[in-house]
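Engineer: Below are the C-alpha cells for one structure; questions will follow.
The values are calculated or read from the model by the stated rules, or taken from the named source; none is laboratory data. Just so we're clear, the structure is a prediction, and the values are computed from it rather than from any experiment. Glycine gets a Cβ as well: all are built from the backbone with ideal geometry, and neighbour counts include every protein chain shown.
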Amino acid sequence: TVIGPTVRDGVVVHAPITSVAELPARARDAQAPGRYRLSLDGDERLFAYAAAAQSWKPFLFPSRQPLLSVSPEGAVTAVEDEPPSYAFLGVRSCDLAAVAVHDRVLLDRDVVDAHYAGRRRSAFVVAITCSHPGGTCFCTSTGTGPHPTAGYDLAMTELLDDDGHRFVVRAGSDDGAEVLAQLTGRPSTGADTAAVDAVVAGSVAVMEPRAVDMDGVRELLRDNPEHPRWDDVASRCLSCTNCTLVCPTCFCVTVDDSTDLLGVTERSTVWDSCFTAGHSYLHGGAVHDTTKTRYRQWLTHKFSSWIDQFGTSGCVGCGRCVTWCPAGIDVLEELQALRQSPGGADAEVPS
Amino acid sequence: MPTSEALAPTALDAALLPRPFRVVATRDETADTATMWLEPSDGETLRFAAGQFTMIGVPGRGEVPISISGDPREPVLLQHTVRAVGDASGALARVAVGDVVLVRGPFGTGWDVQRAAGSDVLIVAGGIGLAPLRPALLDVLAERERYGRVALLVGTRMPDQLLFVDEVQEWRSRLDLEVLVTVDAAAPTWRGRVGLVTGLLPVADWDPAQAHAFVCGPEVMMRLTAEAVVHAGADPSRVRVSMERNMKCGVGLCGHCQLREHFVCTDGPVFDYDVLAPLMTVRGL
Amino acid sequence: MTHKSTGDRLLTVDTLARVEGEGSMRVEVRAGEVTDVQLAIYEPPRFFEALLRGRSYLEPPDITARICGICPVAYQMSACQALEAACGVSVPEDIRLLRRLLYCGEWIESHALHVYLLHAPDFLGYESAIGLAAVMPDVVARGLRLKKAGNTVMSVVGGRSIHPVNVKVGGFYRAPSRAELEVLRPQLEEALEDAVATVRLVSTFSFPDFEQPHEYVALRSAYDEYPLESGVLVSTGGRSFTAAEFEDNITEEHVARSNALHARLAGVDAYVVGPLARFALNRDRLGPASSAAADEAGLGAEERNPFRSIVVRAVETVYAVEEALRIVDGWQGAAAPAVAVPPRAGVGHGVTEAPRGVLYHRYELDDEGTVLDARIVPPTSQNQRSIEADLLRFVRDRLDLDDEQLTHDCEQAIRNYDPCISCATHFLDLTVDRS
Amino acid sequence: MGKPKLAVWKFASCDGCQLTLLNCEDDLLAVAGQVEIAYFPEATRGVVAGPYDVSLVEGSITTAEDAERIQRVREQSRLLVTIGACATSGGVQALRNFADVREFTSVVYARPDFIRTLDTSTPIAAHVPVDFELQGCPINKAQLLEVLTAAVQGRAPRIPDHSVCVECKAKGNVCVMVAHGTPCLGPVTHAGCGALCPSYDRGCYGCFGPKENPNAASLGRRLALIGVDELGLQRVFRTFHAAAPAFETESRSHDAQVDG
Ligand SMILES: Cc1cc2nc3c(=O)[nH]c(=O)nc-3n(C[C@H](O)[C@H](O)[C@H](O)COP(=O)(O)OP(=O)(O)OC[C@H]3O[C@@H](n4cnc5c(N)ncnc54)[C@H](O)[C@@H]3O)c2cc1C
Ligand code: SF4
Ligand code: SF4
Ligand code: SF4
C-alpha cells in the first residue's frame, strides 16, 4: 500500500493513495500555534506543504494494537497478524528523524516491539526535501532538517523553475537504487544540484526567525522543576493530550484489557498520554495530579530526560504539537520563558 | 545473578504474554493483605532476584506490579504478598486455592544485598514494604556470616497490620538479628513501641560509617528514612530504596513508570538513594 | 381477590409498563357505571419551552431532541422546519431527502420497538419480549434485527440513533457520500423482508372488537409521498390547515391530575393522530411493498380499531424501509450539507410526523435569532383524550372481567397508542376505582 | 450464585439512556442471559421484588416525591449506577437552576398551580451515595455494556475519564478547532462518544460532560479568540451539563458581561 499526502477535510493528511491525482497539488498550508489553514492556490508543486496533520506514526505504531486474548479460565492466545507492507511517499526529514527515534526506543532495547518491527522492516521510504516549512517548524534548531540525509530508500527534491517541474532523486539503499534504476529520467546536472541547494537554503531561511538554541535545554528543564512558568502554562494547557498524540516520537501506550460478558479478555496496547490521570495513576490518585505536573512531565521528557534515556532529544522540530494544540501553546515559547528567568525569578505573563 | 537473562532482545509480545499459574496455598496476613503461593502451569520455575517483581493479575481483572515475597533460593513456588487497595489488587488478595492467575516477569532490578558483604545491614520496612524486603533479608540470613550487624526495623500503622507475624517472631528470637517493630498508633494494650519507623534508627545497633540500608514502604516513609540514615552519616550510595509507579508493561516500553529519566520498571524498582534523592523531594515528578 | 360483580370498583396501575415514560391509569366504577377514567402523567415536568427562551435559534434541534430519547429526530425535524420558516429559508431537495432518510430510520426503530418489545407481548401473552424470546426466539430476533436496521440508518446519517449530532438548522453538518449510504443497502433489504414478515405476523393476532369514532388528523405531503417531514394538516372531518394555522385549530389545556397538557381540536371532544390517522388519510401514498402488505393484511381504506394499530404500524415500517431504500438508491451526494440560515425576527411553525403522530413546534425569534417564545405540542398530549374516551367505553363493555384481566386489557388498550410520556412529559399509571 | 438482579429506574429524563439498553440489539439477549431483569417498566410488566444487585438510575431529581423515591431505590440497591447527563449532573432541565422556576412553570402550563416541582434539578449523587456515574447525553452503548459486564463480574468498570480529543485523534479525525476554527468543547469533555461531532465536521458540544481535570476557563478564552462572544460562551457551557461544577463555574463567569 502506498501511503502519501492527500487533502482531506481541509488538511494535508497521510493516507492510502493510488494515483498522482490524489497528491496535494497546489496545496499551501499556513500553520501557527493552534491554527492550520490550507489553501489550494499555489503553483503546481505536489509537496509544497509543511508537516501533515499526523506523521507516519499511525501506520508504524497504530493507535490500537491487539496483542492477545485470555479465556475466562486463563488460557492465553497471542494475536498473530501479518504486518502490512507500506511504501511511504513524501517523508520529510523531521519525520525521518522521528522514525529513527522510534527505532531507538522501540527496537534498540532489551525488549522490542515486534509489531513495530514488522511494519518498519517492510516499509519502503521515499523522502522529500522540505521546500515550504510551516509557521511552527523548527527542524533547523533540532538539527533534523530540512534536507533528508539518511534513513530513506529514495530521496527526492521537487523543483519548479524555468527548467520545468521535476524531481531530483537519489537512492539511499539497495532497494532504492533498484527502483531508481527502473525510472525513466536523465542524470541530474550541476544546475539541478544547485537548485536543490537553493531549495534547502530557502527553507533554512524561512525557519530562521523561529530558530532557538537547544544547547543547555536538557539542564534547563532538569534543574527548574519548580519554575513559576509551569503554573503559568498550566493555566492555559487543557490537558487534552493532542500534543502527545500528534507528536511523531511519543510512544506511551496503555495495556488495555477489555473483558466481555462471557469473560473473554482482549489485551491491546492503546496510545496513551502523560496528560491523562490514568497515565500516572497509583492507588489513591495520580502522581501527576495537576496540569502543571503533567505539562512538566511532557516538556521535560521530550527535551531533557529523553536525552538521558536514549541519547537523543525526543523532539524533531516538526511543530505539530504547536499547530495542533487547541490552546495554541508553543513549546519554543515555553522553553524561552523558562530560559529567560532561570530559577524562576520573574515569570512572563501569559499571552 | 539471574537478573539479566534478557541479553538478547525479547519481543514486546512475548514480554506481554502472561503465563498461567495455579494457586496452591494462601494465607491471610492482615484484614486486607494476603500471601499466596503459585505453581507455574507450564512447570517452568520462575527464578528471580530479591527485589524483583512480576506483573500479575486475575484473568479479566487487570494486572499490577507486585514484588516477589518468596525466598530466592526456593523459587519452585512463586510467592506474592498483596494488599487490596483497588480492583486488581483486591481480586488478587482474594484468590483461593485452585484459582488461576496470570504472571509475567520477573522484571526490574534487585536489592543486590551482596554488595553489603562485610558491612552492617539495615533493613527498614513500612507496611506492605516488608513483602519486597523479605527476600532481601532471607538472602542475608542465608549467608549470615558474610555480614556485620543486621537489623530489621519495621513500622506499621497499627499492630494488626504487621505482616509475616510468625516469621517475625522467629526472627526476633535469633541472636544474630536485631528486630525492632513500631506502630503509628495503638490501643493501650499494645506493649510495643509507638512512633514512626525513623524513630527506631537511633535505637538500633548499626554503624552509619559502613552500613548499607535497604528501605521499602510508602514514598514519604522511604524519603524520611533515607534522609535520616544519611543524616546519621551513611553514604547515600549505600542506601537502596524501591520505588512505586504506575506500570503497564514492566519492560520500559509503555512509558508510564517514568520518574524523570528513569524507567522505574527497568532501571528500578530498586535504586540507589543518591540517584533518587533529588527526585524524591520534588512534588509530583 | 376478584370481583366480577357490578359493584363499586377502583382499578389502578401506578406505573404503566412498556410505554415510554411514566404515567398511571385510574378507572372508577360506581354502582356498575364507569364514572371516571384518568390517564395521569406524573413524569416530572422539564420545562423545555421555558428553557428555550433566550437561547440561540440554532440550539432547539439539539435541545428539544432531549425531550424524548425515543423520537429525537422528530423533535429535530419539527424544530428545523419551524426555525427555517421563521427565518424565511427553505432547504433544497437533497437535504429534504436526507432528512426523510434519517426520519425513516427513526420510524423503523421506533415502530419495531413498539411492535416487538412493547405491544406484541400483550397479544401473545407475555410480560416482556425477553420472556417471549424464550419461546419464539426467531420472532424476537427479527424484531431486534429490524430495530437495529433503523438504528443503523440513524447512526450513518445522524452520527448516533439517540440524539443524533449531525442535524442542524439549514440541513446537516456533513452530508454522507453515495458510498457511505450504499453500505446500508444489504441491511435495508433484509429489513424489508423482516418488515413484511412482521405484517404477516401481527395480522394473525386476535383483536377485540372495538371501533373508535374519533376524527383522524395527519399530514398530507405536497409530494407524492407518505407524510414524514412535511405537509399540510388534513383530517377525516374534512379539515385542512397549515402548520401556521395549527394553533387556530388545536388548543391545549391543562388538567390538574397531569403534568402534560391536553390538546383539543376545535369543535370535537377528542381526535387521534398517529399511524391510524396517517394511514386513513394517506393510504394512496404508500409504496408498492407497503401497499401490498396492507392489502394482504386485510386493511381497508381506513382502520377504526385501535387494537389493530399494530398492523398499521407494521405496514408503516414496510413503508419506511422501502422509502429508505428508494432514497439510498437515488443518492448522489448533496451539493452542500446545509444552506445558510441568517437569523431574522419573526415567528415560524413546523409540523412533522413523529412515529406517534403530529408534532408541532412554534418559535418566535428576535432579529439576532434569540428565541423569545417557544411552543411544542407532542402527539401523546393530542391523543390523551381519545385514550381516555376509548378506555371509558372499553371498560363499560367489560365490567364482567375480574380486576386483573380488566387492568391488563386496559393497559393493552393504552399501549395501542404507543403513548410516549417522555414527550407528553412522560408516563401512565392505571388506577381502576370500582369501590 | 444466582444471576444478579437488575433494576432500571427513571426520574426526570428523556428515556434515551434506558433506551440505550434496548438498543444493544446484538447483546440484549446475552445480557438477559447473565442478569435477571427484575424491574424495568419500559421493557416488561413483570416486577421482581428487591433488593437488587444493580440499579441503573436515569434522570434527575426535580420533585419532592422523587427526592424521597431515590432514597427507597438506594436502600434496595447493592450497586447504584447513574446513567446519563440528567442523573449525573442534573441534565438540560438543570437550566432551571439558573432561572426562576415559577416563571418557567407559567411559560409552559396554563395552571402553574397544578404543578409541583422543586426549584432545582439535581443529580442523584446530591441525594444518595452513587457507586458509579456513567456520563453522556445519551450514554454510549458500549460503555453501558462495560458497566453491566463489570457489575456481573464484580469488578470496576473501565471507563476512561480523559478528553474527547483522545478519541478524536485515535480515530484520525482532523481537528475542527485548529483546522476550521470551529468552536469545540472536546478538550474539556469526557470521552465516550467516539468523538462523534468532530467526525461529522462539527465541534463537540459537551454532551458527555466534563472530563477529569477540565480547564474550562482556558478553553473559554481560546473560544473567545476564535470569535465566540460572551453570550455564546455562557450558552456553550450552560446546556446539557449546565450544573456540572466545572461547566457551571465557567458559564457563570460570563454572567456579568452577558447581563451587563
Ligand atoms: C515494583 C512494584 C512492586 C510492588 N509490590 C507490591 C507488593 O508486593 N504488594 C502489594 O500489595 N503491592 C505492591 N505494589 C503496589 C501495587 O502494585 C499497587 O497497590 C497496585 O498496583 C494497585 O492496584 P489496584 O488494585 O489499585 O489496581 P486497579 O485500581 O485495579 O488498577 C489497575 C490499573 O488500572 C488503572 N486504573 C485503575 N483505576 C484507575 C483510575 N481511577 N484512573 C486511571 N487509571 C486507573 C491503573 O493504571 C492501574 O495500573 C508494588 C508496586 C510496584 C510498582
Ligand atoms: S441524559 Fe440525555 S439522553 Fe439520558 S435521559 Fe437525560 S436527556 Fe435523555
Ligand atoms: S476536534 Fe475537538 S475533540 Fe477533536 S482534537 Fe480538536 S479540539 Fe479535540
Ligand atoms: S463530540 Fe461531544 S457533543 Fe458530540 S457526541 Fe461526543 S461528547 Fe457529545
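Residues are listed down the side, and each one gets a yes or a no for (1) more than 11 Å from every other protein chain (Cβ to nearest Cβ); (2) over 19 Å from the mean Cα position of the chain (by Cα); (3) part of a loop (DSSP other than H, G, I, E, B); (4) among the aliphatic types (A, V, I, L, M):
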position: B:Asp205; (1), (2), (3), (4): yes, yes, yes, no
position: B:Glu244; (1), (2), (3), (4): no, no, yes, no
position: B:Cys265; (1), (2), (3), (4): no, no, yes, no
position: B:Val282; (1), (2), (3), (4): no, yes, yes, yes
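Engineer: Among (1) of a type outside the set (S, T, N, Q); (2) away from ligand 3 (no atom under 11 Å from the Cβ); (3) touching a Cys at 6+ places or on another chain (Cβ under 9 Å), there is one condition D:Arg155 misses while meeting the rest; what is its number?
Structural biologist: (3)
Engineer: Moving on to the next point. Exactly one condition in (1) in contact with a Leu (Cβ under 8 Å, 6 or more places away or on another chain); (2) surrounded by fewer than 24 Cβ atoms within 10 Å (Cβ to Cβ); (3) not hydrophobic (A, V, I, L, M, F, W, C) is false for B:Arg157; which is it?
Structural biologist: (1)
Engineer: Here's something else I'd like to know. Can you name the condition, by its number, that D:Lys211 falls short on among (1) at the interface with chain A (Cβ under 8 Å from one of its Cβ atoms); (2) within 16 Å of ligand 1 (Cβ to nearest atom); (3) modelled with pLDDT of 95 or more?
Structural biologist: (1)
Engineer: Identify the single condition in (1) within 22 Å of B:Gly86 (Cα to Cα); (2) touching a Lys or Arg at 6+ places or on another chain (Cβ under 8 Å); (3) among the charged types (D, E, K, R) that B:Asp42 does not satisfy, given that it satisfies every other one.
Structural biologist: Against the list (1) within 22 Å of B:Gly86 (Cα to Cα); (2) touching a Lys or Arg at 6+ places or on another chain (Cβ under 8 Å); (3) among the charged types (D, E, K, R), B:Asp42 comes up short only on (1).
Engineer: Still on this structure: Considering only residues of segment D:159-183 that are more than 16 Å from ligand 2 (Cβ to nearest atom), assigned to a loop (DSSP other than H, G, I, E, B) and more than 7 Å from chain A (Cβ to nearest Cβ), which is nearest to A:Phe61 (Cα to Cα)?
Structural biologist: To start, the set of residues in segment D:159-183 that are more than 16 Å from ligand 2 (Cβ to nearest atom) comprises D:160-183.
This time we only want the ones that are assigned to a loop (DSSP other than H, G, I, E, B), so: D:160-162, D:171-175, D:181-183.
Remaining after also requiring more than 7 Å from chain A (Cβ to nearest Cβ): D:171, D:173, D:181-183.
Working: D:Lys171: 14, D:Asn173: 17, D:Gly181: 29, D:Thr182: 29, D:Pro183: 30 Å.
Here the answer is D:Lys171.
Engineer: Here's something else I'd like to know. Mind checking whether some residue in segment D:145-153 is touching a strand residue (DSSP E or B) at 6+ places or on another chain (Cβ under 8 Å), within 16 Å of ligand 2 (Cβ to nearest atom), among the hydroxyl-bearing types (Ser, Thr, Tyr) and not in a loop (DSSP other than H, G, I, E, B)?
Structural biologist: Within segment D:145-153, not a single residue is touching a strand residue (DSSP E or B) at 6+ places or on another chain (Cβ under 8 Å), within 16 Å of ligand 2 (Cβ to nearest atom), among the hydroxyl-bearing types (Ser, Thr, Tyr) and not in a loop (DSSP other than H, G, I, E, B).
Engineer: Give me a count of the residues in segment C:387-408 that are crowded, with 23+ Cβ neighbours inside 10 Å and not hydrophobic (A, V, I, L, M, F, W, C).
Structural biologist: The number of residues fulfilling the criteria is 1.
Engineer: Test each condition in (1) touching a strand residue (DSSP E or B) at 6+ places or on another chain (Cβ under 6 Å); (2) within 16 Å of ligand 2 (Cβ to nearest atom) for D:Gly192 and report the one that comes out false.
Structural biologist: (1)
Engineer: Right, here's the next one. Quick one: which residue in A:Arg64, A:Arg37 is basic (Lys, Arg), in contact with a Phe, Trp or Tyr (Cβ under 9 Å, 6 or more places away or on another chain) and within 12 Å of another protein chain (Cβ to nearest Cβ)?
Structural biologist: On the way: A:Arg37 fails: in contact with a Phe, Trp or Tyr (Cβ under 9 Å, 6 or more places away or on another chain).
Going through A:Arg64, A:Arg37 in turn, just one is basic (Lys, Arg), in contact with a Phe, Trp or Tyr (Cβ under 9 Å, 6 or more places away or on another chain) and within 12 Å of another protein chain (Cβ to nearest Cβ): A:Arg64.
Engineer: Going by the conditions given, is A:Val270 under 18 Å from the mean Cα position of the chain (by Cα), of a type outside the set (Ser, Thr, Tyr) and surrounded by fewer than 21 Cβ atoms within 10 Å (Cβ to Cβ)?
Structural biologist: yes
Engineer: For A:Leu221, indicate whether it is more than 10 Å from chain B (Cβ to nearest Cβ) and either hydrophobic (A, V, I, L, M, F, W, C) or farther than 26 Å from D:Gln153 by Cβ (or both).
Structural biologist: Here the answer is no, as A:Leu221 does not meet what is asked.
Engineer: Of everything in segment A:268-290, what is touching a residue at least 40 places away in the same chain (Cβ under 8 Å) and either closer than 28 Å to A:Asp215 by Cβ or away from ligand 3 (no atom under 16 Å from the Cβ) (or both)? Give them in sequence order.
Structural biologist: If the condition is that a residue be touching a residue at least 40 places away in the same chain (Cβ under 8 Å) and either closer than 28 Å to A:Asp215 by Cβ or away from ligand 3 (no atom under 16 Å from the Cβ) (or both), then A:Ser268, A:Thr269, A:Val270, A:Thr290 are the ones that fit.
Engineer: Any idea which of B:Arg61, B:Arg83, B:Arg73 is in contact (Cβ under 8 Å) with a residue 60 or more places away in the chain and basic (Lys, Arg)? It would help to see each step written out before you state the result.
Structural biologist: Working: B:Arg61 fails: in contact (Cβ under 8 Å) with a residue 60 or more places away in the chain; B:Arg83 fails: in contact (Cβ under 8 Å) with a residue 60 or more places away in the chain.
On inspection, the qualifying residue turns out to be B:Arg73.
Engineer: Another one. Mind telling me which of the residues D:Ala94, D:Ala38 ends up being in contact with a Gly (Cβ under 8 Å, 6 or more places away or on another chain) and modelled with pLDDT of 90 or more?
Structural biologist: Of the residues listed, the single one that is in contact with a Gly (Cβ under 8 Å, 6 or more places away or on another chain) and modelled with pLDDT of 90 or more is D:Ala38.
Engineer: Next question. Just to be sure I understand, how many residues within segment D:43-65 are more than 18 Å from D:Val147 (Cβ to Cβ), facing another protein chain (nearest Cβ under 7 Å) and crowded, with 23+ Cβ neighbours inside 10 Å?
Structural biologist: The qualifying residues number 2.
Engineer: Being in a helix (DSSP H, G or I) and free of Cβ contacts under 8 Å to residues at least 60 places away in the same chain is the requirement here; does C:Ile63 meet it?
Structural biologist: For C:Ile63, the condition - in a helix (DSSP H, G or I) and free of Cβ contacts under 8 Å to residues at least 60 places away in the same chain - is met.
Engineer: Which residues, taken from segment C:40-52, are more than 7 Å from every other protein chain (Cβ to nearest Cβ) and either assigned to a loop (DSSP other than H, G, I, E, B) or modelled with pLDDT under 80 (or both)? Steps first, answer last, please.
Structural biologist: Just the residues of segment C:40-52 that are more than 7 Å from every other protein chain (Cβ to nearest Cβ), to begin with: C:40-43, C:48, C:52.
If the condition is that a residue be more than 7 Å from every other protein chain (Cβ to nearest Cβ) and either assigned to a loop (DSSP other than H, G, I, E, B) or modelled with pLDDT under 80 (or both), then C:Ala40, C:Ile41, C:Tyr42, C:Glu43 are the ones that fit.
Engineer: Same structure again: Among the residues of segment C:133-190, which ones are of a type in the set (Val, Ile, Thr) and either in contact with a His (Cβ under 9 Å, 6 or more places away or on another chain) or in a helix (DSSP H, G or I) (or both)?
Structural biologist: C:Val135, C:Val139, C:Val140, C:Thr152, C:Val153, C:Val156, C:Val157
Engineer: Continuing with the same structure: Taking B:Val76 as the residue in question, decide whether it is β-branched (Val, Ile, Thr), under 26 Å from B:Cys249 (Cα atoms), within 12 Å of another protein chain (Cβ to nearest Cβ) and away from ligand 2 (no atom under 16 Å from the Cβ).
Structural biologist: On the way: β-branched (Val, Ile, Thr): yes; under 26 Å from B:Cys249 (Cα atoms): yes; within 12 Å of another protein chain (Cβ to nearest Cβ): no; away from ligand 2 (no atom under 16 Å from the Cβ): yes.
Taking the combined requirement at face value, the residue does not satisfy it.
Engineer: Take the residues in segment D:198-231 that are under 22 Å from the mean Cα position of the chain (by Cα) and free of Cβ contacts under 8 Å to residues at least 24 places away in the same chain; name whichever of them is nearest to C:Glu59 (Cα to Cα).
Structural biologist: The selected residue is D:Tyr200.
Engineer: Answer yes or no as to whether B:Cys254 is out of contact with any Cys (no Cβ under 6 Å at 6 or more places or on another chain), within 14 Å of another protein chain (Cβ to nearest Cβ), closer than 18 Å to A:His279 by Cβ and assigned to a loop (DSSP other than H, G, I, E, B).
Structural biologist: Judged against the criteria, B:Cys254 is a match.
Engineer: Something else about it: Working carefully through the options B:Thr26, B:Thr35, B:Thr45, find the one that is away from ligand 2 (no atom under 16 Å from the Cβ) and surrounded by 20 or more Cβ atoms within 10 Å (Cβ to Cβ).
Structural biologist: Residue meeting the stated conditions: B:Thr35.
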